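Remarks on the structure that follows.
Bear in mind that the values in this text are calculations on the coordinates, not laboratory data. Just so we're clear, the structure is a prediction, and the values are computed from it rather than from any experiment. Neighbour counts run over all protein chains shown; Cβ positions are idealised from the backbone, glycine included.
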DNA sequence: TATGAATGAGTTTTCATTCAT
DNA sequence: GATGAATGAAAACTCATTCAT
């Protein structure tokens, strides 16, 4: 009763905005799943709309074009990768090596629980050199990752836990390559890798 | 003049068979190039025929379907990978480590000279879990590669050049992962990797 | 304070009716402009609503359908043509020939200042044989125009200013044809006509 | 029997080329008819293909796009207008006035027999200021017509049949305006005009 | 009254494949 | 063997209209 007309409108507006976001999100999620299942090659707007439970015209009400929607899937991926998976909490006072191991294990976890994440990422990775809209997003992702590892390596050297002759830059690159190779191998061959063994080899290199 | 009619026909037939093969080969090559340039996503039979300089109907005379032609591109890839690149001749009496290094360098060479090879391979790799026709071919390729490395590792251990505690199986897998990661990274980011540095790290692991 | 509730409502109602009319008018005007700019062929309800600054749903609140709105644009056109342009005031005691000349000049004026008027009219004219709703409106417009000219011609003959052997009916038709041809030519070719010269020829025919 | 292989091929090629042309022509004709019947506003590729008795994909095999096909309809119109109608043969030793009259009568004839010609022309005329592809074609048509009339007028003056004070340029324009007005009036109102009367007025102007 | 969201029916265009020659 | 022409099925996208609020 004490709400003015304007406030009610705002309220309404906010609710609509939320519903709008949910619809958009459901379309992005549907597209994401379909890319994982069938690949970008077989992605169809019709299928996306059907999975999201809406009319194709509704898809185009929320996204200007298929490419626009795909762009939002890229954004969604970036957002997912920007938050660590819930199951592998970073220990409070973790050593640099703990953090490297934690990184490997969280990727192993994600590869096991949400392999689509890496399937879709690979699709975009392969498309990225041909797509000016995807490239910068993935580059940013890689750079964030690289800087994250470099920091750990620098800390590890300073604290005397890592080999003193390590170059943070190229060590980061090497680790990223190993992890990219591991994920690419696993999603393409379907064969689960022994990350524990991989970690042992990496340990030999770093410590 | 002393050739019989039949022999002339045979001759002609052989010539025809050769021309036939050339046509097929040129279509496979055209498809291969277009996959590298635009991805499987944008591969069109019309474009393939146009690049090969023939009519679309001709394409379908030689290949039952688009999938059939793609299958031949996979075969072509396998064949290319079965022969080492000309520039990196395996030394006659190479040590196991020489051979590992040679393998890295030949991949580096190919990545530099014919990156399409790895682009197309990655396209197929990503498609393979969804494609029953591609999967066995790539699996065979991986297994051949793995057994090649395992042999080297076994030799290296026997000859005392490699660490005695190495497991050929998992060492092969580790090396393959590193090389897959390196190629995937290079073709998706466009950034040339420092294989020399990579080799130094691998040396530390093996020797 | 001394107004009853009912009177207030009436007041409100009248205000609402006015606002309602303004909304309708702004939508009609937007449609009119868009027809002139892009043609009936490319007229879109969305564009109309956008130009009028309202939601598409609002357009359909005020007009049952697109055709309904177009009908109102026709009405608007008729209304505009029923009032002479402000700049060419009919002289108080004009001779028949003065009035003919004045008619030519007012059309020239309108073609210069508001060519859209004739563009939209032509769109409707071309559509009219296929549209039972437009046809009677344009027919009425033509008949009003024809009767207006016939009256002048009759006056001109009676007053001895015009040739005695003129037939008001066919003279009216001839003048209308000339003016239709002139406007159609000008809006389709974009080239401004020499109405002064045209008038001289007409003078020769009438006087 | 005496034809070489090459000649047979040529023959075949020519036959195919002819069939190709016929198909294209039938599509253009179907489009032309539908524009006359329903207007550019309601022209649908589906309807065109259906009327030509082919699949929609066939339409796109012969014409890159709808606009492309419309362009060919414009060309077709130009071609039709470049040849005089068969029924009104130009007299061998016609005087300038004969030729003017002949022009009026041939337009009257065409308006009666093939009114679509002028309906479609008007559609394009109205579209022309907004369409860079149509504009030059119609301009060329107008210029050819204008120069044709100017020549007659010049001849008429020289031969003393026409008034000496006529300006060929503006006389041509005046005649074109009258004829454009006549055709526009007739196709929009559906009312057949009295060309004989029109000619009498024109005679008064010219002679 | 007004609007954001949704939609059925349709629009042009594309694509792998086939057919007659 | 090869090709120009043709096509069914599907693709992305559009549009006037409606509905819940």
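Quick one: the Cα spread of the range A:62-106 along its three principal axes, in angstroms, biggest first?
The Cα atoms of the range A:62-106 stretch 47, 14, 13 Å along their principal axes.
Once a ≥ b ≥ c are taken as the square roots of the eigenvalues of the Cα gyration tensor of the range A:139-207, is the result rounded (a/c under 1.5), prolate (a/b larger than b/c) or oblate (a/b not larger than b/c)?
Because a/c hits 1.5 or more and a/b fails to exceed b/c, the range A:139-207 counts as oblate.
For the rotation taking chain A to chain C, which residue of A has the Cβ nearest the axis, and how many Å away is it?
A:57, 3
Can you give me the angle between helix D:134-158 and the longest principal axis of chain D, using Cα atoms only, in degrees from 0 to 90, rounded to the nearest 10?
On a 0 to 90 degree scale, this one is about 30.
Mind pulling the angle between the C-alpha long axis of helix D:96-113 and the longest principal axis of chain D? Nearest 10 degrees, somewhere in 0 to 90.
Helix D:96-113 sits roughly 50 degrees off the main axis of chain D.
Sorted from fewest to most neighbouring beta carbons within 10 Å, what does the list A:123, A:22, C:108 look like?
Ascending Cβ contact count within 10 Å gives the list A:22, C:108, A:123.
Expressed as a whole number of Å, what is the distance separating the alpha-carbon centroids of the range C:153-204 and the range B:34-74?
Here the answer is 68 Å between Cα centres.
Run the helix sum for chain D: -39,500 (n - 2.57) per DSSP H stretch of 4+ residues, divided by residue count, reported at 222 nm to the nearest 500 deg cm²/dmol.
-25500 deg cm²/dmol
Taking 7 Å along the Cα-to-C-beta vector as the label spot, tell me the residue A:155-residue A:92 distance in nanometres, rounded to one decimal.
1.5 nm
Along Cα-to-Cβ, 7 Å out, sits the label point; list in nm, shortest first, how far the one on residue C:41 is from those in the other copies.
Shortest to longest, the spacings are 1.3, 3.5, 4.1 nm.
Is the range A:15-88 rounded, prolate or oblate when judged by the Cα gyration tensor, a ≥ b ≥ c being the square roots of its eigenvalues, rounded requiring a/c under 1.5 and prolate requiring a/b larger than b/c?
oblate
Taking every pair of distinct Cα atoms and averaging 1/r, then inverting, what Kirkwood hydrodynamic radius in Å comes out for the range C:83-207?
15.4 Å
In nm, what does the list of distances from residue B:133 to its counterparts in the other copies look like, shortest first, when each label sits 7 Å along Cα to Cβ?
3.1, 3.8, 5.5
Hey, for residue C:58 with labels 7 Å out along Cα-Cβ, what do the inter-copy distances come to in nm, ordered shortest first?
2.6, 5.0, 6.2
Using 0.36 nm times the number of residues separating residue B:143 and residue B:169, minus their current alpha carbon distance, what extension gain do you get?
Working it through step by step, the gained length comes to 8.3 nm.
To the nearest 0.05, what FRET efficiency results for residue D:200 and residue D:65 with a Förster distance of 41 Å applied to their C-beta separation?
The calculated FRET efficiency here is 0.30.
Give the shape of the protein assembly as shown as rounded, prolate or oblate, defined through the alpha-carbon gyration tensor: a ≥ b ≥ c are the square roots of its eigenvalues, a/c under 1.5 means rounded, and otherwise the shape is prolate if a/b is larger than b/c and oblate if not.
oblate
Using Cα atoms only, what is the angle between the long axis of helix D:195-206 and the major principal axis of chain D, expressed in degrees (0 to 90) to the nearest 10?
50 degrees
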